[in-house]
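**Q** The structure that follows is given in the form of structure tokens.
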Amino acid sequence: MISQAPWKAAGSALIVDMKAVVRYLRHNKGIVPGDVERIVTNGTSAGGALSALAGATGNSPDYVPYLAAIGAADERDDIFAASCYCPIHNLEHADAAYEWLFSGCNEYNIPTFAKVDGKVRRTTMTGQLTEKQIALSKELKKLFPAYLNGLHLTDRAGNLLTLDENGEGSFREHVRSHILKSAQKELDTHDSANRLRTLAVKGSEVEEQPCLTIEDGKATALDWDGFVKTITRMKPVPSFDALDLSSPENEEFGTEEIRAKHFTAFAQKNSEVGGELADAQIIRLLNPLNYIGEADTAKHWRIRHGAFDRDTSLAIPVILATLLENKGYDVDFCLPWGLPHSGDYDLDALFAWIDGICR
């Protein structure tokens with residue numbers, strides 16, 4: 001059904017399709033099992049972003065022309081709750097956020113798979129940033145504070161979260177506090193070391209981290225630079241809007257006529273292939289932050305992003321969770337210690353959360 005519509009970008013087809021499903025369920029209320037006013041979405045990585053979009057954009061008129069093009073039912077498409085594991089979202093600011101965290105780390109380590117002795121095994125491809133990439137990293141890092149400060153985020157005590165021109169400030173301390181909370185939970189439960197052993201990053205044992213200060217079983221301090229060095233950079237520069245249009249995210253903004261497009265002015269300016277910039281409205285459609293509080297946003301959110309996840313900056317999920325809280329939504333947010341880019345690792349807890357909000 002999607003292929004029959006005049007799509008302007010591949011990524012927008014996904015959220016429109018999900019909205020069409022929600023509308024279908026509501027249209028068939030009384031036939032489908034369950035309560036159509038208790039719809040919960042769940043996803044990991046790009047799926048986590050899709051879940052966040054579904055949660056943020058309920059009934060937004062921006063999507064109506066696309067829904068009409070595929071013949072979606074004339075029903076509401078807001079949902080009750082969104083579960084998001086490591087959502088890869090906020091793409092137009094993800095490159096700057098990545099360099100805010102990793103600029104100065106010039107070696108990258110990309111997980112990959114290779115055939116060894118006839119068997120496919122997980123391995124790591126390492127590389128060094130070029131001089132050009134190092135220069136681009138510094139430029140991108142400078143862009144992040146202005147973006148972050150423009151969000152006017154606050155912590156739970158009402159204190160404004162900001163960054164200075166060097167990328168330091170109360171927002172960084174806010175992220176640090178979430179990492180320390182994660183370390184404390186691991187000290188108390190050893191959840192990653194035990195139940196999640198197969199997922200936890202090798203060498204992430206919480207008691208063995210020189211970047212952590214632990215006193216009497218309490219995580220009291222975190223050396224920021226040491227922590228960043230511990231989790232390591234995964235991606236070269238830019239991390240998402242590739243200058244040669246080679247990233248999956250570039251294809252997300254591609255059309256039926258053009259395979260891939262840039263989605264940041266920075267990458268288009270520095271494009272190595274003369275790439276086009278995606279339409280501003282399409283870029284808007286794919287960022288849940290643009291709709292929180294403006295559309296019929298889901299009331300309940302559960303966001304999980306591994307503390308050792310390098311697929312996007314830790315700033316990205318923290319911004320999402322903080323903005324939702326600032327807008328008055330119910331948010332259950334955690335950076336599980338030692339976990340890389342992954343999801344659905346705590347389904348018992350997820351289902352318990354769903355049971356709780358549905359009572």
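The values are calculated or read from the model by the stated rules, or taken from the named source; none is laboratory data. Predicted model, so just to flag it, every value in this text is computed and none were measured. Please note: Cβ atoms are built from the backbone with ideal geometry, for glycine as well, and neighbour counts cover all protein chains shown. Surface areas here come from the heavy atoms of the whole protein model, side chains and all, with no ligands, DNA or RNA. Shrake-Rupley method; radii C 1.70, N 1.55, O 1.52, S 1.80 Å.
**Q** Any idea which of V16, V21 is of a type outside the set (F, W, Y), surrounded by fewer than 19 Cβ atoms within 10 Å (Cβ to Cβ) and assigned to a helix (DSSP H, G or I)? Please lay out each step first, then the result.
**A** Details: V16 fails: surrounded by fewer than 19 Cβ atoms within 10 Å (Cβ to Cβ).
Just one listed residue meets the conditions, V21.
**Q** Looking only at the range 160-179, decide whether some residue is over 21 Å from the mean Cα position of the chain (by Cα), at pLDDT 95 or above and within 30 Å of Q281 (Cβ to Cβ).
**A** Checked against the condition, which is being over 21 Å from the mean Cα position of the chain (by Cα), at pLDDT 95 or above and within 30 Å of Q281 (Cβ to Cβ), the range 160-179 yields no hits at all.
**Q** So, of the residues in the range 311-339 that are within 16 Å of A46 (Cβ to Cβ) and either part of a helix (DSSP H, G or I) or out of contact with any helix residue (DSSP H, G or I) (no Cβ under 8 Å at 6 or more places or on another chain) (or both), which turns out to be most open to solvent (accessible area, probe 1.4 Å)?
**A** First pass over the range 311-339, keeping only residues within 16 Å of A46 (Cβ to Cβ): 311-312, 316-317, 320.
Pick out the ones that are also either part of a helix (DSSP H, G or I) or out of contact with any helix residue (DSSP H, G or I) (no Cβ under 8 Å at 6 or more places or on another chain) (or both) and you get 311, 316-317, 320.
On the way: D311: 33, I316: 1, P317: 1, L320: 0 Å².
Only one residue tops the list, namely D311.
Condition check ((1) part of a helix (DSSP H, G or I); (2) polar (S, T, N, Q); (3) open to solvent by 50 Å² or more (accessible area, probe 1.4 Å)) across all residues:
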position: F227; (1), (2), (3): yes, no, no
position: P236; (1), (2), (3): no, no, no
position: F240; (1), (2), (3): no, no, no
position: A267; (1), (2), (3): yes, no, no
position: E272; (1), (2), (3): no, no, yes
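**Q** Go through the range 35-62 and give me each residue that's of a type in the set (G, A, S) and either part of a helix (DSSP H, G or I) or out of contact with any helix residue (DSSP H, G or I) (no Cβ under 8 Å at 6 or more places or on another chain) (or both).
**A** Of the range 35-62, the ones of a type in the set (G, A, S) are 43, 45-49, 51-52, 54-56, 58, 60.
Within the range 35-62, S45, A46, G47, G48, A49, S51, A52, A54, G55, A56, G58, S60 qualify.
**Q** Pull out all pairs, ordered by first then second residue, where Cβ-Cβ is under 7 Å, the residues are six or more apart or on different chains, the first lies in the range 63-91 and is in a helix (DSSP H, G or I), and the second is of a type in the set (S, T, Y) and buried (at least 18 other Cβ atoms within 10 Å of the Cβ).
**A** If the second residue must be of a type in the set (S, T, Y) and buried (at least 18 other Cβ atoms within 10 Å of the Cβ), the pairs left are Y63/T57; Y66/S12.
**Q** In addition: Got at least one residue in the range 280-292 being touching a strand residue (DSSP E or B) at 6+ places or on another chain (Cβ under 7 Å) and either surrounded by fewer than 20 Cβ atoms within 10 Å (Cβ to Cβ) or within 26 Å of H152 (Cβ to Cβ) (or both)? Lay out the reasoning, then the answer.
**A** So in the range 280-292, the residues touching a strand residue (DSSP E or B) at 6+ places or on another chain (Cβ under 7 Å) come out as none.
No: zero hits.
**Q** While we're looking at this one, here's another question. Which residue pairs have Cβ atoms closer than 7 Å, lie 6 or more positions apart in sequence or on different chains, and pair a first residue in the range 182-206 that is outside any loop (DSSP other than H, G, I, E, B) with a second residue that is open to solvent by 70 Å² or more (accessible area, probe 1.4 Å)?
**A** Q184/K218
**Q** So for the range 246-258 (the condition being more than 26 Å from L153 (Cα to Cα), in contact with a helix residue (DSSP H, G or I) (Cβ under 7 Å, 6 or more places away or on another chain) and in a loop (DSSP other than H, G, I, E, B)), does at least one residue qualify?
**A** yes
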